[in-house]
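Note sheet for the following structure.
Coordinate-derived values only; no laboratory data. Not measured: the values here are computed from a predicted model. Ideal geometry is used to build each Cβ from the backbone, glycine not excepted, and the neighbour counts take in all protein chains shown.
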Amino acid sequence: MSLGDIDKAVRLIKDSSKTMVLTGAGISTESGIPDFRSPNTGLWENVDPMEVLSRDVLNRDPERFYKKGFNILLDMTHAEPNKAHLALAEMEKLGYINGIITQNIDNLHYKAGSKYILEVHGNTREGYCTSCGKVVDLNVLIEKVNNEEIPPICDSCSGILRPNVVLFGDMLPEEFNIAVREVETSDLLIVIGSSLMVAPVNYLPQFAKKLIIINKGPTAMDGIADVRIEGKAGDTLDIILEKLIED
Ligand code: APR
């Protein structure tokens, strides 16, 4: 992480009249949640996502989904925001960023106090009925599953409940279409802690007028970044926020 790059990033943020942020699992590793693709530590190093967290498994083998995949989701709900999440909430409050597009389902931007959050892969706060569409608190699903009601059944229409998380094979929610429009109408996009390996979210940087990427390790879009900062999200955002405030 060079100070020159930090200064360039601070300049781009100050000169921008509308800035969106795109976050991935890398922003939450400092909260104790492993990311997906880091060598040796990433979740998908030891688990095949298609076998435990796909739409097909949810429908074809709910026992496997709720005994394996569902626990991976629940493990993400116990963490607390770290200084990277808190710095973004502060930058929004100060008007330096306009909103966050997140691939994360860990609710940490919410817990950090950010206001405008587009959760393009869903969240681990809710579930919904696949028949009547009723939205329920995730705890309703947890209780039913703990009582061996698998799949969990909707109390209103007896349809099947499922977590409001985008599983492999699912379509992305309307939040993604809104995210595309937000990036297209922004001056700057800041990507933090994502390998940018997963479509269609990894298309978003291509719609950006100016692009900053902050990541530990390479991303699939490094080649189009105006500023590429190699470093940890927490430390980097702390320094950027400090410089934004001091100037
Ligand atoms: N600071 C900065 N970068 C970090 C940090 C950190 N503290 N910790 C890890 N990273 C980097 C990793 O090196 C990696 O390049 O963050 C990136 C995380 O990439 P992935 O694990 O691929 O996660 P993400 O890009 O969010 O995955 C996208 O894939 O599995 C699906 O639905 C899931 O939303 C997820 C999507």
For 50, 221, 20, ascending order of other Cβ atoms within 10 Å (fewest first) is 50, 221, 20
By the scheme Lys and Arg +1, Asp and Glu -1, what is the net charge of all other residues having a beta-carbon under 15 Å from that of residue 144? -4
Which of 72, 117, 33 moves the most in a Gaussian network model of the chain with Cα springs under 10 Å? 72
Roughly what % of Cα-Cα distances in region 85-156 sit above 15 Å, to the whole percent? 61 percent
I need the trypsin sites (Lys or Arg not before Pro) found in region 79-153, filtered to DSSP loop residues with at most 16 other beta carbons within 10 Å of theirs. 115, 134
Just how many % of Cα pairs in region 134-247 lie over 22 Å apart, if you round to the nearest whole percent? 54 percent
Excluding residues on the same chain fewer than 8 positions from residue 83, give the lysines whose Cα lies under 19 Å from its Cα. 93, 111, 115, 216, 232, 243
With 10 angstrom as the radius, rank 222, 48 by how many other C-beta atoms surround their C-beta, starting from the fewest. 48, 222
Quickly work out the residue 50-to-residue 80 label distance, labels modelled 7 Å from Cα along the C-beta direction, and quote it in nm with one decimal. 4.0 nm
Separation of the residue 242 and residue 155 label points, Cα + 7 Å toward Cβ, nm: 5.1 nm
Starting from the Cα of residue 72, step 7 Å along the direction of its Cβ; do the same at residue 177; then give the gap between the two resulting points in nm. 2.9 nm
Using every alpha carbon pair in region 165-223, what percent of pairs falls into each 5 Å bin from 0 up to the bin containing the largest distance? 4, 18, 27, 24, 17, 9, 1
Based on other C-beta atoms within 10 Å, arrange 109, 85 from fewest to most. 109, 85
Can you compute the helix-only [θ] at 222 nm over the chain? Use -39500 (n - 2.57) per DSSP H run of at least 4 residues, normalise by all residues, nearest 500 deg cm²/dmol. -9000 deg cm²/dmol
